[in-house]
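The values are calculated or read from the model by the stated rules, or taken from the named source; none is laboratory data. Note that this is a predicted model, so its numbers are computed, not measured. Every residue, glycine among them, receives a Cβ derived from its backbone with ideal geometry; neighbour counts consider all protein chains shown. Each accessible area value is taken on the protein alone, full model and side chains, heavy atoms only, with ligands, DNA and RNA left out. Shrake-Rupley method; radii C 1.70, N 1.55, O 1.52, S 1.80 Å.
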Amino acid sequence: MTNTYAIIPVSRFSEAKTRLSPTLTPLERENLLKAMLMDVIGAIKGSVDQVVVISSDKDVLNFVKDLDVTCLSEKGKTDLNGALTQAVEWCSQHASQVLIVPSDVPLIHPDQVQEMVELSVKWPLVIAPAKGGGTNALLCPTQDIKMKFGDWSFFEHLKEAENAGMPWYIYDSFYLSLDVNTAEDLGEIMIHGFGTQTRKFLKSIGLEVKSNHGTERLMVERK
């Protein structure tokens, strides 16, 4: 039987979502990341054998240790792909495939995770694109695929699959394409994120979303 481990890479709380600094205070950004992390872990854990969180931040690992996950401390100074390579290597001792999901995709749903795992029986690489050309979920074998997260990573990962002669499936989902980087993204979460910890948190700090006809579709304001 195929074992599937999920990997969630998490940046330092102090570096969480700096692009949101015009909208949120440092503490609010940290609490936003905690809420999103709980949503992502909650959505994933019923469909995989184990969830692994990798971070270089002790505070992150302390936060998740009660959430029934395996904590991996990043070794040395590395970037996102370096950390993911460490995590995939660790998982390869226990699992034949990994599902990699960033910590800022709070609209991911358990049914989608289950569907991706089922698709991997036929398609060795299953990938969910992010808005803007990134990757918001990647299910792949623990061998033969290099981690290429970053700009245009959706296309880079497809190229990796092609080079390895590996059939792929594009899992195209509006909810999975939404990661959180801008105030407008927060607005999307408030509109679509019913039942999530992330939406509950954004409401608790008094954020409201309004339709807008300017350059951005949504305006996020404080009550």
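Regarding T135, is this residue closer than 18 Å to R19 by Cα and modelled with pLDDT of 90 or more?
Details: closer than 18 Å to R19 by Cα: no; modelled with pLDDT of 90 or more: yes.
No; evaluated as a whole, the condition is false for this residue.
Take the range 1-29 and flag every residue that is free of Cβ contacts under 8 Å to residues at least 24 places away in the same chain, part of a helix (DSSP H, G or I) and open to solvent by less than 60 Å² (accessible area, probe 1.4 Å).
Result: R29, single match.
For residues that are modelled with pLDDT of 95 or more and in a loop (DSSP other than H, G, I, E, B), scanning just the range 123-132, find the one that is nearest to L178 (Cα to Cα).
From the range 123-132, those modelled with pLDDT of 95 or more are 123-130; that's our starting set.
Right, trim to in a loop (DSSP other than H, G, I, E, B) and you get 123-124, 130.
Details: W123: 23, P124: 24, A130: 6 Å.
Out of the qualifying residues, it is A130.
Failed condition for I145, given (1) under 27 Å from M38 (Cβ atoms); (2) of a type in the set (A, V, I, L, M); (3) part of a loop (DSSP other than H, G, I, E, B), with all others met?
The single condition I145 does not satisfy is (1).
If you go through the range 178-200 one residue at a time, how many are surrounded by 20 or more Cβ atoms within 10 Å (Cβ to Cβ) and among the small types (G, A, S)?
Of the residues in that region, 2 qualify.
Cβ-Cβ under 6 Å, sequence separation 6+ or interchain: first residue in the range 201-223 and within 14 Å of I191 (Cβ to Cβ) and loosely packed, with under 12 Cβ neighbours inside 10 Å, partner among the small types (G, A, S) and at pLDDT 85 or above. Which pairs?
none
Give me the pairs: first residue in the range 142-154 and open to solvent by 100 Å² or more (accessible area, probe 1.4 Å), second residue in a helix (DSSP H, G or I) and among the β-branched types (V, I, T), beta-carbon distance under 7 Å, and six or more apart or on different chains, which are they?
Nothing qualifies.
Do we find that A164 is open to solvent by less than 10 Å² (accessible area, probe 1.4 Å) and within 25 Å of S92 (Cβ to Cβ) in this structure?
On the way: open to solvent by less than 10 Å² (accessible area, probe 1.4 Å): no; within 25 Å of S92 (Cβ to Cβ): yes.
Judged against the criteria, A164 is not a match.
Give me the residue from the range 167-176 that is open to solvent by 70 Å² or more (accessible area, probe 1.4 Å) and of a type outside the set (A, V, I, L, M) and, out of that set, nearest to D144 (Cα to Cα).
Quick first cut of the range 167-176, residues open to solvent by 70 Å² or more (accessible area, probe 1.4 Å) only: 168-170, 172, 174-175.
Those still in the list that are of a type outside the set (A, V, I, L, M) too: 168-169, 172, 174-175.
Values: W168: 13, Y169: 17, D172: 23, F174: 28, Y175: 28 Å.
The qualifying residue nearest to D144 (Cα to Cα) is W168.
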